[in-house]
Amino acid sequence: MQFMLLFSRQGKLRLQKWYVPLSDKEKKKITRELVQTVLARKPKMCSFLEWRDLKIVYKRYASLYFCCAIEDQDNELITLEIIHRYVELLDKYFGSVCELDIIFNFEKAYFILDEFLLGGEAQETSKKNVLKAIEQADLLQEVRPGPALAKQNVPLFVTV
Amino acid sequence: MALKIVKGSIDRMFDKNLQDLVRGIRNHKEDEAKYISTCIDEIKQELKQDNIAVKANAVCKLTYLQMLGYDVSWAAFNIVEVMSSSKFTYKRIGYLAASQCFHEGTDVIMLTTNQIRKDLSSPNQYDTGVALTGLSCFVTPDLARDLANDIMTLMSHTKPYIRKKAVLIMYKVFLKYPESLRPAFPRLKEKLEDPDPGVQSAAVNVICELARRNPKNYLSLAPLFFKLMTSSTNNWVLIKIIKLFGALTPLEPRLGKKLIEPLTNLIHSTSAMSLLYECVNTVIAVLISLSSGMPNHSASIQLCVQKLRILIEDSDQNLKYLGLLAMSKILKTHPKSVQSHKDLILQCLDDKDESIRLRALDLLYGMVSKKNLMEIVKKLMLHVDKAEGTTYRDELLTKIIDICSQSNFQYITNFEWYISILVELTRLEGTRHGHLIASQMLDVAIRVKAIRGFAVAQMATLLDNAHLLTGNTQRNGICEVLYAAAWICGEFSEHLEDPMQTLEAMLRPKVATLPGHIQAVYVQNAAKLFATVLRKHDGETESQAAQETSQLLIDRLPLFVQSANLEVQERASCILQLVKYIQKLQQKNVEVAEEVTALFAGELNPVAPKAQKKVPIPEGLDLDAWINEPPSGSESEDEKPKAVFAKEEPKHSRSRHTEVDEKELARRREVRKQEQASNPFYIKASPSSQKVYDAPGVEHIPVVQIDLSVPLKVPGMPMSDQYLKLEEERRQKEKAERKKKEKKKKREKRGKERKADSGPESEEDITPAHQVDIVTEEMPENALPSDDDDKDPNDPHKALDIDLDKYVPHCRHLQFIHVLHIVMCRNEFFSKTEIYDFKVVVSVIFENKSDSFLKAMEFNVLDSLNSKLQRPEGAGAHDSLTVPFQLPPGVSNEARFVFSVQSIVMPQKLKGTLTFIVKSDESSTHEKLDFKLHFTCTSYLITTPCYSDAYAKLLESGDLKGSSLRLEGINMPFHHLLARICFHHHFSVVERIDSCASMYSRSIQGHHVCLLVKTTVSIDAKCDEPSLLGNVLDEIKQTFSKC
């Protein structure tokens, strides 16, 4: 995987993770281009598109789009699975996660992602292990994150 | 001090944390930029404070702002500060910020090396984890080189959590520092059989990624992966392994045969779509690489196509899309199996998802045949009319053209139909692909001689109705077709019914609104038409028509003479003058037609795209030689460079020039003539190549009832449909005739044999409407064979193309690789025991290079006083150890042997032998291989970070003894030199100041080794053990003498 982007329906970037070294300028350009392309797609369209020499796999959960760029030979379906797995992890960690959780605890969202993927490859396929690692790392931290915000937002994910 | 801390925490209470910042931004929607700029000012203040908590908070906020698109590169140093905090809370934030903000150009990265090294060796696994994660995002070639050894050590860490991360990050390290691949590979391979499934899957991931780029180096791992594939139940791992096999099979077809069965089993059994899809893809790849015509494999293809059909029929758009995608791969090699699903593919053209429609279009490209081309294109033309978005419509247009023009118009039986399709396509408003249509028109008109008459008529109509195409918009891409139309009408004007009318159409004032390059073609071809008109009226004395034509040109051309486009202006004024002159001659009743036609004589032949490149340079032609004597003024200037490059002889060419005699000149003339004869661009002057006016084949075109004066918008049925009908009729007729003939034959044979003739028409039965000879593209004689495409030299993976099996020593049967590993852990042995007895583990890779089976391998080493091979208890001091595996042909495997070493200050060479049995079909023989194991002093050094103050203290202490070394003949950049020392001799850079660098390493027995390397390539070294130092320096010298 080359990078992962999370953005809202309004096109606001919520999280970005780049597994290839690019300059800020290029990153911005790519982000802008992809957000536009993905948002322009109709809801009934399939989750894949070819873009430059990469394949884009995206999926929408409530108001958030999860968007990954993979290489030509990579498997689209397993990438969808990765996205889904990540949403499940967020959901387990925050407890029915919503967009606001990710906005206000964006560093946590990154920590979870980093335990799940490393260098663009899935490093741990067991959800239990990922959450265990995060919890133990959190224990080392001095301050626990504040209580989850009042949930006014739609949860990304309903059933696990 | 206490006050300061209290003050700090009070400050913190008033600071904004991340949540406050986010909330603030959300509350200041209307003046977000202003709000953020005040926040950034606050952050700058916070970063100036000493309190690390405040700093971390500030950095955390900056990371958020970075995501919003603000530049935070100015805070890079602060990020490093937070990274080096001893508290995990802050370290975590620091590394996160670094992984988000740093890139290869960030200069503070080089400050982080020692910090990262420290974190990597931290006793807290989460410190290590966070450092590894961060490193995976911002690793640079320098970091990769400096830390490769540390990460390699972590691959054997006791905690699987660390092992797994270390294994994964090695891939990034290999990409940045390819030299690390070879030493790390044995350990990586070992991780394939790690007890922890996470580590195992990480190793599979890394090796698959490596192998996908350079598969040939990983063929020897195939048996191991095969075992993993048949035993693993983890779909993530299975997908990777299957993908790896997909990359390996093209190199080893035998592997493919073995794979088919387990893969088909998986296809039948799995419920995971992702795995199914991967299996189908790999089966396709395997079948492509296997030579076709294997009957038992048609079943697997059938299975794949069946499964894909199920995917395509699924209501899930994603599966539909992927199904079509995979189908197109099968299509390339097994078109027949896909063609039977034409109904399904055509159905997908109606899908509401555009990307699915596009995929279906791709498939159609490969599904056309002579028989169904017209039908498919008709269906596509209907879609063109229906299409809403211009992008999809343009895509349809290019696909139609692709489909029709593929493999040299192979499937077109009727070119009149194709020209009509092209003409119909010009009606698309606002398409970007005017030039595509234009090039097709040109291509067909030039290469299919028999169609020229028809094409010219169609193009004349187009020119006449040019206003329909250009419309109002100037930037309309479709007007490009007028370029083609004008050129075709001009070049093949002999086919024009009424050249005068076309000439008039080409000189209308509206033409001046067209783009310049099109106008230029108009003007040039107007001149060609003019010549044709003159020729037509040749012989008629005082021809009114000819003079009218001249007048028309003289009236209309001045418009183009004023053109802003230089090309148009130049051509127009040239031609205008010419016509004026001709008019004068005409008035004197001089016959001009022939001379004017001569201007455009000669036929243009299509030339292959590479023809020019392939023209061989004739013997004796020196393209670099001066044609004339170099200008005399430059001679004095020639003197200067001569002084610099003394070997050059500038007079060389001149002397050659003067030697040319009459004979030589004659010879050269001959050569030139020959060259011209073979040069397609050279317009020949001989009368024989004059334009041929009787185009053969024109009269053989069956006359179809088309009213050429039809306006472009035909009411009712579009023109190409008429062709479809006609073609069907024609085929019916031909069929009927054939039947008649056959019947005749039958009658003759009196029903001896009853043949079923009502079967479906086969491809060969369809004869083209007219025998069109597609002129093949010209290539020069003696053209060189086609050059192959080279690999992209910029591909970062190319550097990783390292033959991992290549190593010395080796004998006929067995390749023998040894890699020394100091696996001994510092804390396990060193701190516990004071006895100088160290264990060293040597990994040996055995590779069987022969075609026979090797078994009963026994490994033995002649012990020295210092180093001894550890043998099991009870074994004698000279007994050999049995290697715990056998080697089938082509397989390699690794075994480890433990040695106990007393003193490490001297390098050691141990002699050993390996005995084994070579088992072939009929016989088995004993063989022996002698080898030497080289224990270098370097291998006892362990990369250890050292801070500059500690380093200074060490040097000042006076315990160290010095020695120095000069390296001769080294011309590599300084940082490469340092990198080599770091990598090959396990040093780390402590500090680098301009022209020198200080380096440090430590032996497993705790000897300090300090180096001061200067750019003058001298090394001053200090160590508390002089003999160790001497040996290490010798080894460094040897490393550099090799390069």
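Read the figures in this text as sums done on the coordinates, not as results from a lab. Everything numeric in this text was worked out from a predicted model, so none of it was measured. For neighbour counting, all protein chains shown are included, and Cβ atoms are generated from backbone atoms with ideal geometry for every residue, glycine included.
Fewest-first ordering of A:Asp53, A:Asp138 by other beta carbons within 10 Å of each residue's beta carbon gives A:Asp53, A:Asp138.
The mean count of C-beta atoms from other chains within 10 Å of the C-beta of residues in B:346-357, rounded to a whole number, is 2. Each label was represented as a point 7 Å from its Cα along the Cα-to-Cβ direction; for B:Lys352 and B:Ile917 these points are 7.2 nm apart. Measuring r between the beta carbons of B:Ala856 and A:Lys12 and using R0 = 56 Å, the FRET efficiency lands at 0.25. Its DSSP H runs of at least 4 residues, each contributing -39,500 (n - 2.57), put the calculated 222 nm mean residue ellipticity of chain A at -13500 deg cm²/dmol, to the nearest 500. With neighbour counts taken as other beta-carbon atoms within 10 Å, the residues B:Glu927, A:Glu135 rank, fewest first, as A:Glu135, B:Glu927.
Sites listed here are chymotrypsin sites (Phe, Trp or Tyr not before Pro) in the stretch B:880-957 whose DSSP assignment is loop and whose Cβ has at most 16 other Cβ atoms within 10 Å: B:Phe885, B:Tyr947. A full extension of the chain between B:Ala33 and B:Lys1042 corresponds to an added length of 357.3 nm, given 0.36 nm per residue minus the alpha carbon distance.
Given their separation in residues at 0.36 nm each and the Cα-Cα distance between them, B:Ile554 and B:Lys588 gain 10.5 nm when the chain is fully extended.
Extension gain for the segment B:Glu375 to B:Asn465, taken as residue separation times 0.36 nm less the Cα-Cα distance, is 29.6 nm to one decimal. In the stretch A:3-143, Cα pairs under 8 Å separated by at least six residues give a relative contact order of 19 percent.
Working from label points 7 Å from Cα in the Cα-to-Cβ sense, the A:Ser96 to B:Gln410 distance is 6.0 nm. Once both labels are positioned 7 Å from their Cα atoms along Cα-to-Cβ, the gap between B:Arg309 and B:Cys574 label points is 6.3 nm. Net charge in the neighbourhood of B:Leu224 (other residues with Cβ under 10 Å of its Cβ; Lys, Arg +1, Asp, Glu -1) is +1.
For the residues of A:106-112, the average number of beta carbons from a partner chain within 10 Å of their own beta carbon is 4. Taking other Cβ atoms within 10 Å as a rough exposure proxy, B:Thr413, B:Thr532, B:Thr158 sort from fewest to most as B:Thr158, B:Thr413, B:Thr532.
Using the average count of surrounding beta-carbon atoms within 10 Å as a protection proxy, the listed peptides B:399-411, A:95-107, B:202-214 rank, highest first, as B:202-214, A:95-107, B:399-411. Taking packing as the residue-averaged number of other Cβ atoms within 10 angstrom, the listed peptides B:1032-1042, A:84-94 run from highest to lowest as A:84-94, B:1032-1042. Between A:Lys28 and B:Lys159, the FRET efficiency from the beta-carbon distance, with R0 = 51 Å, is close to 0.85.
For the residues of A:74-82, the average number of beta carbons from a partner chain within 10 Å of their own beta carbon is 6.
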